[in-house]
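Just below is one structure, and these are the notes that go with it.
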Amino acid sequence: MKEYEKNRELEALVAQAQQGDRQSLDRLVQRVQPRLREYISARTLDKQLVSDLLQETMMQIVKSLPRLKDAGRFWAWAYRIATNISINHYRKMKRRRAVRFSTLEDCQLEEVLKDTSRPADRRMVMGELTDMVEESISRLKEKTRRILNMRWRENMPYSRISRQLGCSELSARLVCCRARQKILDHLRRQDMHRLDKSLQNALN
């Protein structure tokens, strides 16, 4: 079938579906799903996410179809819906992750670094965050890394840390506090950078 004939047939399906013909609506959904799946897949590598976004896109198309004024512009309209849904998804993820990192406490960072004591399935879930924390720590000064290792991995009290390193207890506490803030800042930058790239892909 020539492209022109395909387009006319699609326009007819759209018009009939807008008039309440259920069979035409079902045929329209079946016809456009593969092309929209391909369009969404080009913007994310997560197969499960593709299915979720496609389902949400199809639901919005069915819901909004009566308001489409020009059946000849169906594809441009459908692509815009898919794009907006993808963008909204990544924006929500970005906000959730920003909150997640902003609420991490010292004890939670310690737990991340003690990941080896967890069951294998839990370590897999926490693996990415552990790697990001480790990378952040590697950027700190050697003395700061030593204090964090004593405090977070070996669970030393600040009094013992200060004796071993020849510094005051207050100084050790301040080092940990400042290091925590640097780690959290780095985590936010890394996470936001990844999500910004995903959002940029969705826009392309």
ask   = Quick check: is even one residue across segment 95-113 modelled with pLDDT of 70 or more, of a type in the set (Val, Ile, Thr) and farther than 30 Å from Leu54 by Cα?
value = no
task = Identify all residues within segment 41-59 that are at pLDDT 90 or above and among the acidic types (Asp, Glu); write none if there are none.
result = Glu56
Members of segment 133-148 that are more than 30 Å from the chain's Cα centre (by Cα) and assigned to a helix (DSSP H, G or I) = Glu142, Lys143, Thr144, Arg146, Ile147
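The values are calculated or read from the model by the stated rules, or taken from the named source; none is laboratory data. What you see is a predicted model; the values in this text were computed from it and never measured.
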